[in-house]
């Protein structure tokens with residue numbers, strides 16, 4: 001993992017706005033400070049939070065940059081939330097982040113046309129990002145902790161699922177190396193296997209056997225290709241509810257769609273995914289003028305507390321670089337979602 005930066009405690013404290021008679025999360029969060037420090041030394045910390053601030057996978061799917069800075073805005077906001085009995089900070093290790101900017105710089109300085117740039121991004125995802133993220137997630141899951149991952153592009157769902165599946169099998173928690181996934185997203189990211197990018201992590205995971213069952217909530221009719229929807233519909237291991245059937249046609253309400261989706265995948269360990277593209281008017285790689293509310297996104301996260309078999313949380317596709325300097329709204333939303341996850345699990 002040559003691209004991973006481990007935080008020191010002082011790095012975090014430098015961003016905390018200290019006040020008398022208050023304790024901020026940044027004062028209580030755990031750190032590792034060095035590669036391969038034993039996670040066992042933090043026995044009471046259940047969660048390992050880390051970032052993958054990159055847009056390489058998004059560019060590989062013909063997208064735009066912006067997701068590479070979200071992590072840093074999130075951290076600043078997260079550190080300054082209040083420590084409380086429900087989420088003190090002691091239960092979280094804020095490990096650090098992957099710095100793939102040297103990889104992006106090589107791509108940007110060497111491509112000669114758009115097609116070459118896309119191919120280079122897909123090559124980097126498959127041969128650098130996937131491998132390093134998988135290795136780190138394996139380490140976390142094998143230590144009995146839950147990875148909380150902030151992206152970055154949705155391409156990173158694939159190594160998270162793959163690493164979780166392999167690790168849980170080694171720990172004898174699954175009969176085979178697979179996991180289930182629930183995804184709150186406007187797009188299914190189940191495109192063809194044309195090279196690794198942010199539009200096909202779940203296709204790769206399922207075709208390779210690491211993803212057993214896949215449930216998606218909030219798919220939007222106008223942004224998912226018909227060919228991909230046909231593949232979803234024709235697969236008995238995939239269950240989805242569209243945004244239109246929930247909010248426009250009102251065939252069922254949001255919580256019903258969440259409950260039904262969890263019921264579909266609750267027989268095995270669950271990797272949770274939240275693509276910020278699904279939230280209305282939040283700056284993301286595919287900003288959505290008609291999406292779910294912030295409160296509904298938080299309800300989705302809180303609902304997961306009913307399921308002890310959650311093995312990871314991945315929040316991705318936020319794009320603070322597109323906010324023109326005003327990044328606080330998105331950063332606070334992600335920070336709230338992470339604390340919602342911790343609080344929901346007791």
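Here the simple spin-label model places points 7 Å from the Cα toward Cβ, and for residue 256 and residue 11 these points are separated by 4.8 nm. This ranking places 123, 154, 62 by how few other beta-carbon atoms lie within 10 Å of each, fewest first, which gives 62, 123, 154.
Taking Cα pairs under 8 Å and at least six residues apart, what relative contact order does region 4-344 come out at, in percent? Intermediate results must be reported in sequence, preceding the final value.
Numbers: 724 pairs, mean separation 67.3, N = 341.
The normalised contact order for region 4-344 reaches 20 percent.
Kindly give the semi-axes, whole Å and largest first, of the ellipsoid equivalent to region 106-158, taking each as the square root of 5 times a Cα gyration tensor eigenvalue. Provide the component values of the computation, followed by the final result.
Values: eigenvalues 168, 20, 12 Å².
Equivalent ellipsoid of region 106-158: 29, 10, 8 Å, largest first.
Working from label points 7 Å from Cα in the Cα-to-Cβ sense, the residue 249 to residue 343 distance is 3.5 nm.
The three principal axes of the C-alpha atoms in region 69-181 carry coordinate ranges of 54, 42, 20 Å, sorted with the longest axis first. Extents of region 93-243, largest first, come to 44, 41, 25 Å (Cα atoms, principal axes, whole angstrom). The slack in the chain from residue 299 to residue 72, taken as 0.36 nm per residue of separation less the alpha-carbon distance, amounts to 79.2 nm.
Taking every DSSP beta bridge that has both residues in the chain, what percent is antiparallel when rounded to the nearest 5? Here the antiparallel bridges make up roughly 10 percent for the chain. A protection proxy built from the mean count of other Cβ atoms within 10 Å ranks the segments 14-26, 124-136, 180-192, most packed first, as 180-192, 124-136, 14-26.
Once the C-beta distance of residue 113 and residue 2 is scaled by a Förster radius of 25 Å, the resulting FRET efficiency is 0.30 to the nearest 0.05.
Within the listed set 146, 255, 106, the Gaussian network model of the chain (springs between alpha-carbon atoms below 10 Å) gives the highest mean-square fluctuation for 106.
Bear in mind these aren't lab numbers, they're just calculated from the coordinates by the rules spelled out. It should be emphasised that the depicted structure is a prediction, and the values quoted were computed from it without experimental measurement. Please note: Cβ atoms are built from the backbone with ideal geometry, for glycine as well, and neighbour counts cover all protein chains shown.
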